[in-house]
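The values are calculated or read from the model by the stated rules, or taken from the named source; none is laboratory data. This structure is a prediction, so every number in the text was calculated from the model and none was measured. When we count neighbours, we look across all protein chains shown, and the Cβ atoms used for this are built from the backbone with ideal geometry, even at glycine.
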Amino acid sequence: MVDFGGWDMPVQYPAGTIEEHLRTRTHAGLFDVSHMGEIDVRGADAIAFVNRITSNDTTKLVDGQAQYSALTTPEGTVIDDLVVYRLAADHLLLVVNASTTDKDWEWIKSNHSGESVELNNVSADYCQMALQGPDAKTILQTLTDVPLSEIKYYHFTRGNIDGVAGIISRTGYTGEDGFEVYAPPDRAEQLWNKILDAGKTDTPTGVLPCGLAARNTLRLEAGMALYGNELDESTTLLEANLGWICKLDKGDFIGREALARQKEEGVKRKLAGFEVVERGIARDHQDVVVAGQRVGTVTSGSPAPFLKKNIGFAYLPIEFASVGQEIQIDVRGKLVGAQVVKAPFYKRAK
Amino acid sequence: MANVPEDLHYSKDHEWVRVDGNEAIIGITDYAQNSLGDVVYVELPKAGDEFAANESFGSVESVKAVSEVFTPVAGTVATINESLADEPETVNSDPYGGGWMIRVKMSNPGEVDSLLTAAEYEDFTKAESE
């Protein structure tokens, strides 16, 4: 167990990280992600308010739709990345990272000025179970009457799972099809056990409980950013290749001006995916070297269990960030060859 | 419960030593491989490299972490386990057999007497995991 944003979280379950990772890619994995924070925004100006403090276009959402977005600073850097759920025209739920929930909550409150909204930090009112993988739908369907096939990607519905009223969302952080279920925290154990049972966890093709380590390798392989690694208050959304959640034409929002300027001038560095081509494993915080010069830092580096490669992300000066660029990683004093490649590293067959 | 063979010597860094004449065969314990998780990479020295006692001779990497490995006794590397380059998972499946790492010609064979016995190592790991 490790401390993760104040939560005691398992790094891995008995099957081990590699098996958990592979099972999620081939069958299903279950993640207790109750540590994620939830902030409730209610009121006539809910959409206008969230649209002003986040980078994606909140006005584009319809009821029952979710959207990946970010809380940005005036400099266009990132307070947090989050998912915005539209429950109703006057009711949004913001799902934020555990380690940043308190910071986000203070930031959101301090940026509230005049809009007619009621803000509540409801993180303690939800548990969250993420069932991910090609078998996720079939498994979850045995526990609910909600027709899961009708929920489109990044959409959700309210419904019962094993008799527990919650939110069923077709979202995830693994690169697989899957669902995230939000429910009252006193039902967490029931949902966890029922999903594992329904997914025949004791069989070789059944659902496996997965820990933080597999959550990290799965998201990295799928090319998804992790707050604190790829994203923080020193990196802009454009540098992080998240221009697709920067809707510069949607009207004013915190950081819009800085991002618009950066877009016009062009970024000087950007997040690049790389694959290690020599023997060795790149790790977080290691230096990236080109022609003897230290040019960047690895934000996430790890073995990729499904691809059976050693991969990572690093911020690199734009002139070294193109696919095919040869780089070296300083792995504890030894320079190991690597190459910039296209991210995501893994993309599931549709 | 971790497996701790009677006939080996142990370090507090969780390496084991099997004495074979003037040579020592070195690997990591069952307890260590279990704490590390799936081993995906083992970095070993070259034959001929010299090490003092308790010096780092390489590293063992799991998906999540890197751990250094130390020579419990001083000496010169005679051979290394080349097969770990392609099959690092042997460290998990057979830590005291196929998962051995290096064979060292000891510069002071008496050093093994200062290492932990199986019973002492077992007590040590119990205390450490409490």
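Among the residues of the stretch A:209-225 satisfying the criterion of being in contact with a Leu (Cβ under 8 Å, 6 or more places away or on another chain) and away from every other protein chain (no Cβ under 14 Å), which is surrounded by the most Cβ atoms within 10 Å (Cβ to Cβ)?
Result: A:Ala225.
Name the residue that is farthest from the other protein chains (Cβ to nearest Cβ), counting only residues in the stretch A:273-310 that are under 26 Å from B:Glu87 (Cβ atoms), without any contact (Cβ under 8 Å) to a residue 40 or more places away in the chain and surrounded by 23 or more Cβ atoms within 10 Å (Cβ to Cβ). By that ranking, first place goes to A:Gly301.
Residue-wise test of (1) touching a Cys at 6+ places or on another chain (Cβ under 8 Å); (2) assigned by TED's automatic domain parsing to the domain that holds A:Thr297; (3) more than 28 Å from A:Gly333 (Cα to Cα).
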residue	(1), (2), (3)
A:Tyr173	no, no, yes
A:Glu180	no, no, yes
A:Asp202	no, no, yes
A:Gly228	no, no, no
A:Glu239	no, no, no
A:Ile245	no, no, yes
A:Ile254	no, no, yes
A:Ala272	no, yes, no
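Would you be able to say whether some residue in the stretch B:22-33 is assigned to a strand (DSSP E or B), within 30 Å of A:His21 (Cα to Cα) and within 14 Å of chain A (Cβ to nearest Cβ)? No, the stretch B:22-33 has no match at all.
Give me the strands (runs of 3 or more DSSP E) completely within the stretch B:59-130, filtered to those with at least 2 residues that are basic (Lys, Arg), ordered by residue number. Spell out how you get there, then give the answer.
Numbers: elements: B:66-71, B:75-80, B:102-106.
Counting at least 2 such residues, we get B:102-106.
The single residue among A:Ser116, A:Ser149 that is assigned to a loop (DSSP other than H, G, I, E, B), among the small types (Gly, Ala, Ser) and more than 28 Å from A:Ala225 (Cβ to Cβ) turns out to be A:Ser116. Can you say whether A:Arg42 is of a type outside the set (Asp, Glu) and within 14 Å of chain B (Cβ to nearest Cβ), as far as the supplied structure shows? No, not satisfied.
Summed over the stretch A:116-144, residues that are of a type outside the set (Val, Ile, Thr) and without any contact (Cβ under 8 Å) to a residue 60 or more places away in the chain total 4. For the stretch B:69-78, residues that are under 14 Å from the mean Cα position of the chain (by Cα) and free of Cβ contacts under 8 Å to residues at least 40 places away in the same chain total 2.
I need the strands (runs of 3 or more DSSP E) fully contained in the stretch A:1-56, keeping only those with at least 2 residues that are buried (at least 22 other Cβ atoms within 10 Å of the Cβ). Before you say what the answer is, go through the steps one by one.
Details: elements: A:2-4, A:7-9, A:29-32, A:37-42.
So the answer is A:29-32, A:37-42.
Restricting A:Phe345, A:Phe313 to those that are of a type outside the set (Gly, Ala, Ser), in contact with a strand residue (DSSP E or B) (Cβ under 7 Å, 6 or more places away or on another chain) and part of a strand (DSSP E or B) reduces the list to A:Phe313.
Between B:Ser83, B:Ser107, B:Ser62, the distinction of being within 14 Å of chain A (Cβ to nearest Cβ) and among the small types (Gly, Ala, Ser) belongs to B:Ser62 only.
Filter the stretch B:34-58 down to residues that are among the small types (Gly, Ala, Ser) and outside any strand (DSSP E or B) and give me whichever is nearest to the other protein chains (Cβ to nearest Cβ). Spell out how you get there, then give the answer.
Within the stretch B:34-58, the first condition is being among the small types (Gly, Ala, Ser), and the residues that meet it are B:35, B:37, B:47-48, B:52-53, B:56, B:58.
Then keep just the ones that are outside any strand (DSSP E or B); that gives B:35, B:37, B:47-48, B:52-53.
Values: B:Ser35: 11, B:Gly37: 5, B:Ala47: 18, B:Gly48: 18, B:Ala52: 19, B:Ala53: 22 Å.
Of everything passing the filter in the stretch B:34-58, B:Gly37 is nearest to the other protein chains (Cβ to nearest Cβ).
Looking across the stretch A:316-336, the residues that are assigned to a loop (DSSP other than H, G, I, E, B) and among the polar types (S, T, N, Q) come down to A:Ser322, A:Gln325. Number of residues in the stretch B:98-120 that are in contact with a helix residue (DSSP H, G or I) (Cβ under 8 Å, 6 or more places away or on another chain) and under 19 Å from B:Ser35 (Cα atoms) equals 3.
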